[in-house]
Each structure stands twice: as structure tokens, then as C-alpha cells.
1. Look through the stretch A:6-17, keep the residues that are at the interface with chain B (Cβ under 7 Å from one of its Cβ atoms) and part of a loop (DSSP other than H, G, I, E, B), and return whichever of them is nearest to B:Ala153 (Cα to Cα).
2. Kindly indicate which of B:Leu90, B:Leu114, B:Leu101 is within 8 Å of another protein chain (Cβ to nearest Cβ), without any contact (Cβ under 8 Å) to a residue 60 or more places away in the chain and either of a type outside the set (Asp, Glu) or surrounded by fewer than 18 Cβ atoms within 10 Å (Cβ to Cβ) (or both).
3. Which residues, counting only those in the stretch B:32-48, are loosely packed, with under 15 Cβ neighbours inside 10 Å and within 18 Å of the chain's Cα centre (by Cα)?
4. Just checking: which of the strands (runs of 3 or more DSSP E) contained wholly in the stretch A:370-443 hold 1 or more residues that are out of contact with any Pro (no Cβ under 9 Å at 6 or more places or on another chain) and farther than 18 Å from A:Ile484 by Cβ?
5. Taking the conditions exactly as written (of a type outside the set (D, E, K, R) and touching a Leu at 6+ places or on another chain (Cβ under 9 Å)), does A:Gly86 satisfy them or not?
6. Would you say A:Arg41 is open to solvent by less than 10 Å² (accessible area, probe 1.4 Å) and either under 26 Å from the mean Cα position of the chain (by Cα) or at negative phi (or both)?
7. Go through the stretch A:327-345 and give me each residue that's in contact with a Leu (Cβ under 7 Å, 6 or more places away or on another chain) and closer than 10 Å to A:Ala366 by Cβ.
Amino acid sequence: MDLRLPSKVLEHIFSFVDSNEDRNSVSLVCKSWFETERLTRKRVFVRNCYAVTPAAVARRFPGMRSLTLKGKPHFADYNLVPDGWGGYAWPWVEAMGEKYPALEELRLKRMVVTDECLEKIAASFKEFKALVLTSCEGFSTDGLAAIAVACSNLRELELRECIVEDLGGDWLSYFPETLTSLVSLDFSCLDSAVKLSDLERLVSRSPHLKSLKLNRAVSLDALGNLLRLAPQLVELGTGSFSDKLNQEAVSKLSQAFSELKELKSLSGLWDVLPEYIPLLYSVCPGLTSLNLSYATVQMPDLVELLSRCSKLEKLWVMDLIEDKGLEAVASSCKELRELRVFPSGADVDETNVAMTEQGLVTVSEACPNLESVLYFCAQFTNAAMVTIAKNRPNLKCFRLCVMEPFAPDHKTQQPLDEGFKAIVESCKDLQRLSVSGLLTDKAFEYIGTHGKKLRMLSIAFAGDSDLMLHHLLSGCESLNKLEIRDCPFGDTALLENAAKLETMRSLWMSSCCVSFGACKLLSQKMPKLNVEVIDEQHLTETGPDSSPVEKIYIYRTLAGPRVDMPEFVWTIHKNPEIGVSHLAIE
Amino acid sequence: MSTSKIFVLKSSDGETFEVEEAVALQSQTIAHMVEDNCVGNEIPLANITGEILTKVIEYCKKHVAVVHDGEGNLSSFLKEELKNWDTEFLSNIDQSTLFHLIMAANFLNIKDLLDLTCQGVADMIKGKSPEEIRALLNIENDFTSEDEEEIRAENQWTFK
């Protein structure tokens, strides 16, 4: 059967092929499929902005409507990546703006976005619909104003955990009266108060608004008005929840909450006063997602709240929940899929915060769909991990952050090797793992042996020797991202497993024992890897080859060494004679 | 009861099919032919065989019947019934027929049938490697090995 489908028909078939995985397969079938696929791909994901040049992406996918980009390595979230490292959105916006003005969506994570960039977006893309910035920085509220005023078809404007130079709340007032297409607005990370009357007018002329996340400056009183204007909300992030309201205002607010028939997600709740928590009771039964990571709610109030959330699938909360609170979660939230418990920083002695490993064990027993865990805890035990592993072999993500470095099992004083062994042995589909506490090389031997589906691994203050890295790189077949800090491994394992690095997106190591000489060797051996040394103390230039480097970031790339490095980042040049340079010299 | 006009569709291999107007007009191509007055009651379809035309008509007959049951808005029950029928329809045809149906739906411009059959092929492709897709659809790999490597690297390293 010789099938030659006309490209119009192929296009139509491909319009039903959505996932990038499938589109990548389609593109490799034959030349005509490659052509048709590339001309019709609408959503492009580039998970390391330095793995490819903007020009190459624009050339391959001229029909692109939505671009997702990630910049800095994950450890930037823990302040391990110095300011000025890179991850600039400008070259991308510039490349798209020139030739591909049909771009509609930009989703950026951990990138530097300037006001100039935002102005360029506003000026270049007439159909621009969605700007979602996560953990980005480099812009001010003036840049937001530029977007607001120009993007007449804007649907989404979301600033998630961004660092923004806040020049005031005027930016919101720049949304024109003609803008009625807003579906999602998140300005929760901004400090300044916006003009309430303008916000109310914006909300009231946005019938499609489904998600609204306010900043702390929006008072409880103001919230009532906004909810009355948008009872169709599916996601709500409140502002500050602590004004003193009179009885009438409270009952009006209660009424407003009870009108939110579609609400599935709730967040914000800064400074929430205990007496206002009952205001939330009417929405609890419908909630699937609850983010209390900014709400200093104490355990008894949390129990009251959570026992009403029978449909909850995602819960982010502080350790103020204590073991007792997690018991309430276990008995009421049977649909729970994702649990994140963050450290409140509350001193144990002072406030008697009683959250231990038992809390997580209880939840793991009772919640059959639990597949993703992030748990900050003062201490843990092997027995607890063994139980959790037995209860929940369906875990896909397990991130345990025992806060004291090198903390052993607090009951047996043993390393936590056996606990993590149980996790990787039992949870066969585990894709993401963060380990902590006292660990020997044995733990990594277990992970290397059993963690076959592991894609991302984070390690801090662990292991005894180079063997640790060797076990991981040679054993974890699916490994894609590895980030390591303060572990005593060195050159041998890295050089022996050099080829592995081309099968991974990136490797980050800081405060380890990798020498400068090894970095040079690695770079020469593997031409498609960028080996970047971050050296704020300027030791690289003058030190011997044997000196250890502060931080190293290695990633595969088709774009060659980058040209935008700051003076504290060195790339190891491929030509041994040139050695080390700041710039990509041909 | 209004008497519906009858069209006679003639396949490439000479088979004739009598269909009611409403059935025939699901094809935008036929609708335009009729509008432009360039056909009588007999419409020759030189690039569609009798076997395929049978299937097309089967589809169109079912879809007309359902639309005329309600007021134009399908109830959710009828939608469900139609969806099940469509799934059954797809599952009963082999690959070669599927592709010929796509071409027929394309030529006859029957949107719903084109969507259904293209979705059918898309579903066949999903989750498969390039090699598996080629084997399934009997497509030759005309890349040079360098080109193929380059695209593979770009896909893996960048667009995954």
C-alpha cells in the first residue's frame, strides 16, 4: 500500500496529535512528515534555553503560537546561582518579534525578563494572549503597564513567585476599558496596592475570568466586592485575610464565598486570623487544591478546615499542621495526590511544633492516590520510609528534606540508607527524588540499582566518595537532571561517565571536589557539552588544574558555548590551546 | 410528509447508490455542485470506489438520522449514542479502507467524517516510535542517516 496523503490531509491528522513526544516521533517518520509537522507545530517547549539558539527554533517552527522556555538551573531557587548568571528572555523575544509576529503565548521559568523585553512583546505580537512568568526577575511594574495597555486580546497574565521592581500599583489601571477577554490574572507576588476601583471595573468586564490571584495589599473588605463581581471563579488567591471587619461585613463576605459555586482552588490567605477561617467553610467541599503555604494557620484551625475538604487533591501547607493535622488530612482527604509541607521556621521549643515523620506515614497509609510528596522535617527514620514505601508504591515524586545536614535516623542513629532503599525499590515509577540526612555511598548504590525510571535527582550533604556519583550515572538509565551540592565526589566518576552526560539535560554540582583540570578534560572529550564553571572568587584563572571549582553547570547543547556569560562564569573552550574563556571564540 | 429529492451517486467502478438529498448534502462538494447547477440527479465520483462510497453513505445516513431526531441540538444521550456508533464504525474498517475514506471525505468535503477518520489515524500514531509508525503505515524512511541523527538530537535535547 503506497500511501501518499496530500499535505493538507496530513496537516489535519497532525492537528489531532498534541503531545510533543508524539510530534517528535512524527517528525522523524519521513521528510514530508517532518516538513508538515514542523509547519504545524503550535506549542514549542524548550526546557533549557541554552540548548538551542532562538534562530534555530524560529526557523524550524515558523507557525509557533506558544513558546515555553526554562532558564536557570533549579538550584537557583535556593540562591545557589549568582545574580547575573544568565537566562535572558531578550534574544528569544527579539528573534520571534522580527519574523514571527503571530506568537500568542510566552511561558517562562527562571528567566531574566526586562522591561525592554515586555515592551517588545507588547509591540511585536498583535495577537498576544498569554504571559506566564514563573520565578522570573528583571522587570518592573512599568513593563507590566506596557503589556496591559497594548495587548488587546490578553487572556492570561500570571506572575508566579517573581521578583519585580515595584514602582507602584498604577500598572493595573492601564488595562483599557475595551479589554474583556481576561481569563486569568495573578499578581500575588507584587507589593504595591493597585487601585481598587480599577481592579473592580476590570473584574466586572471580564465575564470569562476563571482565575484571580490577588496580592497581599488587597484587603479582606475589598475581597468581598471582588467576589461578588466574579462568582464564576474557579481559582482564587486572596489578599490579606486580617482586617477587622464588623459583623455586617463578615456576613456579607460569608455570603460572597458561598456564591462561589465553581471554586476548585484556593490560595493566598496571608495573615489569616483564626476567627475568619469559618468564612472558607462553604467552599471547602468543592476544593481540589489548597495552598496554605503563606497562611500561618495553627493546627486546630487547620483540622477544622481540612476535615471539610473531602475532594482535596493538592495540599501545600506549613509544618504548623503538625502530625495531628496530617491525621485529619488522612481521614478526610482521600483523594489526595500531592502533599507539600514547608518549614514555617517556627522554633520547636517556643511554639511546640510537633511535626515528625509520623505525619507523612499516616497520610501515606490513608490516601491511596498519593503520588507526589515534598516534606520538610527536622528529622526522619528509616522505619518510616520503609512503611511509606510499602504503603505507596505508586509514588512518582518523593522529596524529603531533613533540615539538619547529616542528620541520622533519630531513633537508631543509623544513616538513612535503608529508608531510601525501600523507597526506590518499592516505587518502581519514581521519577523525582530528593534525598537528605546522613547517607553513605550505599544509599546511592541502591538508587543506582533500583531507580530506573528516575529522571530528576537532588542531593545535598551526602555520600562518602566518588563511588556515589558513579553509581548514579551508571545505574539510573532515565536520569535527566542531576543536582548536587556539598558532596565529596571528584573527578574520576565524572570523567568515566562522560558519555552519560550527553543523555541528560543537565548536571549541577556545587561545593564538591571536582577539579578545574577535570572540567577541561571533560569539555575537550565531549564537544556537545557546555561545561561552565561559576567562580565568583576568581580562583580559576590563577589556580592550578588540581584546584577544586566552586560550582559547575554542565548541559548538552546544539548552540555551542553561550555568548552572554558574566565575568564570573568561565566556559572551558574546546580547543585545549585556548583553554578557558569568558567568550565563545571561534 | 415532504418527498425528499433523490440523488444517484456513481462510483468509479460503475456502482450506483440512491441517496436522499439530506444525506448527499452532507458533502459540501456535492452541495456546491448542486448549487452551481453543474450536475443533474446523477453525480459521478470518479475517484471513489463502490466499496468506499458504501461506507461514506453509511456514515452520512447515520448522521442525518440523528440530526433530524431533535431540534438541531443533540441531546447528550444522542451525542453519546452517535459517538459510540462512530467508534464502532471506525473499529470495523481496516487500515487501507481508513485511508481511502480519508481521501474520500477530503474530496467530498464531509467535515465530521474527515475529523473522525483523521482522529482515527492520529490515535494509531500516538505513543509510537518513528520506526513503529513507518512499519504500521508502510512508509519509507527517506532521511539520510546524518539528517535523521540531527533531527533526533534536536528533538531529544531541545524540544522534549
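The values are calculated or read from the model by the stated rules, or taken from the named source; none is laboratory data. This one's a predicted model, so the numbers in the text were calculated from it and none came from an experiment. Heads up, the Cβs are rebuilt from the backbone with ideal geometry, glycines too, and the neighbour counts pull from every protein chain shown. Calculation scope for accessible area: heavy atoms of the full protein, side chains included, ligands and nucleic acids excluded. Shrake-Rupley method; radii C 1.70, N 1.55, O 1.52, S 1.80 Å.
1. Quick first cut of the stretch A:6-17, residues at the interface with chain B (Cβ under 7 Å from one of its Cβ atoms) only: A:9, A:12-13, A:16-17.
Narrowing the set further to residues that are part of a loop (DSSP other than H, G, I, E, B) leaves A:16-17.
Working: A:Phe16: 25, A:Val17: 21 Å.
Out of the qualifying residues, it is A:Val17.
2. Values: B:Leu90 fails: within 8 Å of another protein chain (Cβ to nearest Cβ); B:Leu101 fails: within 8 Å of another protein chain (Cβ to nearest Cβ).
The unique qualifying residue is B:Leu114.
3. B:Ala46, B:Asn47 - these are the residues of the stretch B:32-48 that are loosely packed, with under 15 Cβ neighbours inside 10 Å and within 18 Å of the chain's Cα centre (by Cα).
4. Numbers: elements: A:372-377, A:397-402, A:432-435.
In the stretch A:370-443, A:372-377, A:397-402 are the strands (runs of 3 or more DSSP E) which contain 1 or more residues that are out of contact with any Pro (no Cβ under 9 Å at 6 or more places or on another chain) and farther than 18 Å from A:Ile484 by Cβ.
5. Working: of a type outside the set (D, E, K, R): yes; touching a Leu at 6+ places or on another chain (Cβ under 9 Å): no.
When the stated conditions are applied, A:Gly86 does not pass them.
6. On the way: open to solvent by less than 10 Å² (accessible area, probe 1.4 Å): yes; either under 26 Å from the mean Cα position of the chain (by Cα) or at negative phi (or both): yes.
Judged against the criteria, A:Arg41 is a match.
7. A:Val329, A:Ser332, A:Cys333, A:Leu336
Condition check ((1) crowded, with 19+ Cβ neighbours inside 10 Å; (2) farther than 16 Å from A:Ala148 by Cβ; (3) at pLDDT below 95; (4) not basic (Lys, Arg)) across all residues:
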residue: A:Ser181; (1), (2), (3), (4): no, no, no, yes
residue: A:Leu185; (1), (2), (3), (4): yes, no, no, yes
residue: A:Leu190; (1), (2), (3), (4): yes, no, no, yes
residue: A:Leu202; (1), (2), (3), (4): yes, no, no, yes
residue: A:His208; (1), (2), (3), (4): no, yes, no, yes
residue: A:Ser219; (1), (2), (3), (4): no, yes, yes, yes
residue: A:Leu223; (1), (2), (3), (4): yes, yes, no, yes
residue: A:Arg228; (1), (2), (3), (4): no, yes, no, no
